[in-house]
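A short write-up of the structure that comes next.
The values are calculated or read from the model by the stated rules, or taken from the named source; none is laboratory data. It should be emphasised that the depicted structure is a prediction, and the values quoted were computed from it without experimental measurement. Here the Cβ positions follow ideal geometry from the backbone for every residue, glycine too, while neighbour counts run over all protein chains shown. The area values use the complete protein model at the heavy-atom level, side chains included, leaving out ligands, DNA and RNA. Shrake-Rupley method; radii C 1.70, N 1.55, O 1.52, S 1.80 Å.
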Amino acid sequence: MTIQISKLSKSYKNQQVLTELDWSIKQGDVIGLLGKNGAGKSTLINAILNINPADSGSVSLLGEDNKVLTSETKARIGYVPQQNDEISWLTVKELILFKKQFYAHWNDNKVAQLLSRWEIDTNKKMSELSVGQGQRVLIILALAHEPDLMIFDEPAAALDPAGRRDFLKEIVNLAADENKTIIFSTHITTDLERVANKVAILHQGKICHFDDLDNVKENVVKVSVITDRASDIKIPHAINAHQDNHQVNGVVTQVDFLWKKELESQGHQVDITPMSLEDIFLELTV
């Protein structure tokens, strides 16, 4: 496993944010981490990277305890924080040269290409850049040493639509290498659908749903049963089920087709309706 998390807990000022969270991430996965504002996405990322250590539990990154990572393993990780915390008085060029000295491998061509494509003036100080340009520099720094594990915390939040599109294109290119593992938190489900092969939903301190994106969209659907015996009908695997006159409605996390066939053989009408990823996210985090 690229990341192995066990019983991870974290609280702030008596408010529990993460609660004995378990999560395993395989090499080559491109994961979109979804969660409502305040759900703890940044807290989870900071705990994974030991930037803000968890209260309890354990995290293994690339086979090592995250509290005692070797310099070689640290060099295999790229990270883009939600907030720009780089040295503000350095120029972009100076910051890149400063960061480069900490890595045995650094792709100067990639850096030059991205700086040119994103029209970043390397003679400007970091404090002189717009928020979006500053975010682009952070992304370049995270990609320059071509890490095996990349973690992005709301990387596109400060980017304009063109910048978001360019960033997602870069993620798609990286995802073509099966050895690269990518986690990016976001609240923009359309971004996730463009690049991720898996979706993880953080809710009430835990990963409440983690599966291939295609499986999530196929399995989490609306089910409606039209019947004269609504009170006798129970929808298997249903969440948020409710009865409305002669109809029972619910969202399921897995369709029971044997149950559906049995009901239909008894004369009941069973309708299955797919949902958008945004609607699925909202239903799973009620």
Original post:
Somewhere in the stretch 184-206, is a residue open to solvent by less than 10 Å² (accessible area, probe 1.4 Å) and acidic (Asp, Glu)?
Top reply: yes
Subject >> Boolean, Asp85 is open to solvent by less than 60 Å² (accessible area, probe 1.4 Å) and at pLDDT below 95 >> reply: no
**OP:** For the stretch 30-51, state whether one or more residues are part of a strand (DSSP E or B), within 18 Å of the chain's Cα centre (by Cα) and surrounded by fewer than 22 Cβ atoms within 10 Å (Cβ to Cβ).
**Re:** yes
**OP:** Among the candidates Leu168, Leu192, Leu159, Leu174, single out the residue that is closer than 23 Å to Gly63 by Cβ and at pLDDT below 90.
**Re:** Leu174
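For the stretch 54-67, give me each residue that is open to solvent by 20 Å² or more (accessible area, probe 1.4 Å) and either touching a helix residue (DSSP H, G or I) at 6+ places or on another chain (Cβ under 7 Å) or under 20 Å from Ser24 (Cβ atoms) (or both).
Answer for the stretch 54-67, where residues must be open to solvent by 20 Å² or more (accessible area, probe 1.4 Å) and either touching a helix residue (DSSP H, G or I) at 6+ places or on another chain (Cβ under 7 Å) or under 20 Å from Ser24 (Cβ atoms) (or both): Ala54, Ser56, Gly57, Ser58, Ser60, Leu62, Gly63, Glu64, Asp65, Lys67.
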Subject >> Matching strands (runs of 3 or more DSSP E) fully within the stretch 204-286 where at least 2 residues are over 21 Å from Leu33 (Cβ atoms), out of contact with any helix residue (DSSP H, G or I) (no Cβ under 8 Å at 6 or more places or on another chain) and modelled with pLDDT under 90 >> reply: 238-244
Subject >> Residue selected from the stretch 95-125 under the condition charged (D, E, K, R) and at pLDDT 95 or above, by the criterion surrounded by the fewest Cβ atoms within 10 Å (Cβ to Cβ) >> reply: Asp108
Original post:
Can you name every residue in the stretch 227-286 that is free of Cβ contacts under 8 Å to residues at least 12 places away in the same chain and either of a type in the set (Ser, Thr, Tyr) or open to solvent by less than 40 Å² (accessible area, probe 1.4 Å) (or both)?
Top reply: Ser265
**OP:** Could you tell me whether Asp211 is surrounded by 15 or more Cβ atoms within 10 Å (Cβ to Cβ) and of a type in the set (Asp, Glu)?
**Re:** yes
Subject >> Filter result (buried (at least 20 other Cβ atoms within 10 Å of the Cβ), within 14 Å of the chain's Cα centre (by Cα) and closer than 20 Å to Leu284 by Cβ) within the stretch 1-28 >> reply: Trp23, Ile25
Original post:
Which ones in the stretch 162-183 are of a type in the set (S, T, N, Q) and crowded, with 23+ Cβ neighbours inside 10 Å?
Top reply: Thr181
Original post:
Say we look at the stretch 148-161 and pick out the residues that are within 17 Å of the chain's Cα centre (by Cα) and charged (D, E, K, R); which of these is most open to solvent (accessible area, probe 1.4 Å)?
Top reply: Asp148
Original post:
For the stretch 217-226, how many residues meet the condition of being open to solvent by less than 10 Å² (accessible area, probe 1.4 Å) and in contact with a His (Cβ under 7 Å, 6 or more places away or on another chain)?
Top reply: 1
